[in-house]
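These notes concern the structure reproduced below.
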Amino acid sequence: MQSARSVHFRVPHNQIMNDHEEDASRDNVVSLERVRERRMHPGEAKRPSSSSTTAAMEAAPAAATQAAAAHSDAGGANAAESPLPGRLIWLHCPTCGTLEYTELVVSDGRRHKCGTIVEEAEVEIDVRAEMTVAEINLRRVAALEGYLRQQRARFEEYRHRLTLIAGATPKPYALTEERVKALPAAEVDPVGLIISEALHNPSKRFGKKE
Ligand SMILES: [Zn+2]
């Protein structure tokens, strides 16, 4: 028996790339970006919860239009393969320490809600490449959500069956490190779930290959 730690992670790739494509939306893109931001800056938990990052900043009227908006994306097949230039602007409030981004270009600066003039850093981007990254990540997240739903149903069912096998609800072992290491784990799946020897690859019990 292999220990759980030595088992190579096996990613259900087809499922992760193909399921739930329709879930991708721009709102999700923004909220994902904000989630990641929070992870990168765990000390900034008091970030405003509005869905638009620009809402948190008091912007002067937009004096310039965004490069990407001016760039026509309605061309032929070649246009879909060429870079789409654009920019996003990171905003840093030196008083509050907040970091947010916006697509709105303004000519004469803007204030954070605390009254401080924010520092701005423009990032030139290929909007098409960034969009591609967002789409890939959203597909993966959607597939993982589907996978997690399946696994929840699978292990709730298993818990129920174990109760039937025992004729009563069995009490799990105390979760000490030693006890967990000694569990009959055949595999740890891509999201860290333990698949026990009893559940793993049942066809091998009938002389079949995996
Ligand atoms: Zn501030």
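Give a residue-ordered list of calculated ³J(HN,Hα) values for the stretch 186-191 (Karplus: 6.51 cos²θ - 1.76 cosθ + 1.60, θ = phi - 60°; whole Hz; x for Gly, Pro).
8, 7, 10, 7, x, 9
Can you list residues from other chains, or at least 5 along the same chain, whose modelled amide H is less than 5 Å from the amide H of A186?
The list, which skips near neighbours in sequence, is I195, S196, E197.
Which FRET efficiency value, to the nearest 0.05, do you get for I165 and T95 by plugging their Cβ-Cβ distance into 1/(1 + (r/R0)^6) with R0 = 41 Å?
Efficiency computed from Cβ-Cβ geometry: 0.10.
Under the rule of at least 5 residues apart or a separate chain, name every residue whose amide H is placed under 5 Å from the amide H of K113.
It is E58, by chain and number.
Given H placed 1.01 Å from N in the peptide plane, which residues other than close sequence neighbours of R87 have an amide H under 5 Å from its amide H?
Those qualifying (amide H under 5 Å, at least 5 residues apart or on another chain) are A67, A68, I125.
Obtain the nm distance between the two label points defined at E177 and Q150 by a simple spin-label model: each point lies 7 Å from its Cα along the Cα-to-C-beta direction.
Between E177 and Q150, the simple spin-label model gives 3.4 nm.
What length, rounded to one decimal in nm, is gained on full extension from E120 through to E103, with 0.36 nm per residue of separation minus their alpha-carbon distance?
Extending this stretch completely gives an extra 4.9 nm.
Coordinate-derived values only; no laboratory data. For clarity, every value in this text was computed on a predicted model and none was experimentally measured. Every residue, glycine as well, gets a Cβ built from its backbone with ideal geometry; the counts of neighbours run over all protein chains shown.
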